[in-house]
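Where a number appears in this text, it was derived from the coordinates with a stated rule and is not lab data. Just so you know, these numbers come straight off a predicted model, no measurement behind them. Cβ: placed from backbone, ideal geometry, glycine included. Neighbour counts: every protein chain shown.
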């Protein structure tokens, strides 16, 4: 026995290599077939590859495929035939498929059995005679779906004793496994088409939603910039401006709970509700109260949802901002000395929660050099790969120094937020409205 520290060697593992008999190219044919099948993304093309290679393997001259899906006995359809000049796609062109009843093919299909028939004599009166003509031996392979042979492949040879070397159990298993693979590829193709169509529709929804958002107005003594980014194609964040006359403007930011298309629909509803009342009301609390009543009346449209909103009316004559808030993040007010306060003196619960909600109102007087940041929680709650949130302090980092204009603040926040989140797509809609008082 080797002592401690002694090195040992072992013989490499070896085995006897068995090669197929010389001249037997069946293995090579099968390998080529499955390799080419693996390259296909279209079920119609995959069937063509399989049929061409499998027939060489099994000595088949001709075949037909049948289906009784959604039919009652004795009816069936011919879904494929190697004698057809036109390659009909049975999934896309079902109206072109011959509908037959009875005869040899109907008997085989409804029997739910695999059979080999030799020395066959096809009657000219058989309803499928044109598809069977010249066949002297047949192989029927039922393809099961839900325990029933809804489909069948019938392979034929012109030799009365043909198909002698076919091992029926193996061929039946092969046909059914291939049939399931075809079904899965067809499903994948249809899902891809459905997703592409849905994506086109979502792009259109997003285009319509963005068209609802306003252009930035020219407001006396204010410099305004905005950033709007949705987590999905469309989203539930909303901002707007309302010309109230006499130089006064209504400024709104809102956030529908959730994101995606449902939130976008509620956002569109909210916009429609507000465009009349906002232009007629000079009381921010009354505007939110009206919006709340309207949303509560339509609560069945977004069960369990709610909307946070901040609405302020700015008067450039004295730089005053009268505001009211329905559960929204308090805007940040950074004065020219870089002291930070929150506009949080008029908070109430979100819209669409309680019909009889009461909304408060407050007023601040701004000064030249002040900055307001209105934002949705998608900004401050954005997370980095470690799960840490962006937060209020990081948002403020872009206004703690002298900035030339509101757009500079927007660009600064967007850049820092992208680096913080490592370029990841947002998990929630993100809206930021920067306003500098001149």
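Relative contact order of the range 26-191, taken over Cα pairs closer than 8 Å and 6 or more residues apart, is 23 percent. Once the Cα atoms are used to define both axes, helix 284-297 deviates from the longest principal axis of the chain by about 30 degrees. Using the average count of surrounding beta-carbon atoms within 10 Å as a protection proxy, the listed peptides 203-210, 57-64 rank, highest first, as 57-64, 203-210.
For the chain, what's the relative contact order in percent, using C-alpha pairs closer than 8 Å and at least 6 residues apart?
Here the relative contact order equals 11 percent.
Using a Gaussian network model of the chain in which every pair of alpha carbons under 10 angstrom is joined by a spring, one finds that among 354, 93, 388 the greatest mean-square fluctuation is at 93.
Taking 0.36 nm per residue of separation and subtracting the current Cα-Cα distance, fully stretching the chain between residue 38 and residue 283 would add 81.5 nm.
Here are a few candidate values for Cα Rg over 2.2 N^0.38 Å: (i) 1.05; (ii) 1.13; (iii) 1.63. Which one was actually calculated from the structure I just gave you? Recomputing Cα Rg over 2.2 N^0.38 Å here gives the entry labelled (iii).
Taking 37 °C and 0.692 mPa s as the conditions, I'd like the Stokes-Einstein D for the range 134-292 in µm²/s, using the Kirkwood hydrodynamic radius from alpha carbon pairs. Walk me through the numbers before you get to the answer.
Working: Rh = 21.6 Å.
For the chosen part, D equals 152 µm²/s.
Round to the nearest 10 and give me the degree value, 0 to 90, for the angle of helix 43-58's Cα axis relative to the longest principal axis of the chain. Approximately 20 degrees, to the nearest 10.
Taking every alpha-carbon pair in the range 212-437 and binning the separations at 10 Å intervals from zero gives 8, 34, 38, 18, 2, 0 percent.
Taking the average, over residues, of other Cβ atoms within 10 Å as the packing measure, peptides 66-75, 324-333 rank 324-333, 66-75 from highest down.
Calculate the FRET efficiency for residue 121 and residue 192 from the Cβ-Cβ distance with a Förster distance of 35 Å, rounded to the nearest 0.05. Using R0 = 35 Å, I get an efficiency of 0.15. In terms of packing, defined here as the mean over residues of other Cβ atoms within 10 angstrom, the peptides 254-263, 367-376, 47-56 line up highest first as 254-263, 367-376, 47-56. For the chain, the longest principal axis of the Cα atoms and the long axis of helix 168-212 meet at an angle of about 20 degrees.
What 222 nm value per residue comes from the helices of the chain, counting each DSSP H run with n ≥ 4 as -39,500 (n - 2.57) and dividing by all residues, nearest 500 deg cm²/dmol?
Values: 11 runs with 145 residues, N = 438.
Mean residue ellipticity at 222 nm (helix-derived): -10500 deg cm²/dmol.
Cα centroids of the range 273-316 and the range 234-272: how far apart, whole angstrom? Between the Cα centres of the range 273-316 and the range 234-272 lies a distance of 9 Å. Taking square-rooted eigenvalues a ≥ b ≥ c of the alpha carbon gyration tensor, is the range 92-156 rounded, prolate or oblate, where a/c under 1.5 means rounded and, failing that, a/b exceeding b/c means prolate? It comes out oblate by the Cα gyration axes. Subtracting the Cα-Cα distance of residue 344 and residue 181 from 0.36 nm times their residue separation leaves 52.6 nm of extension gain.
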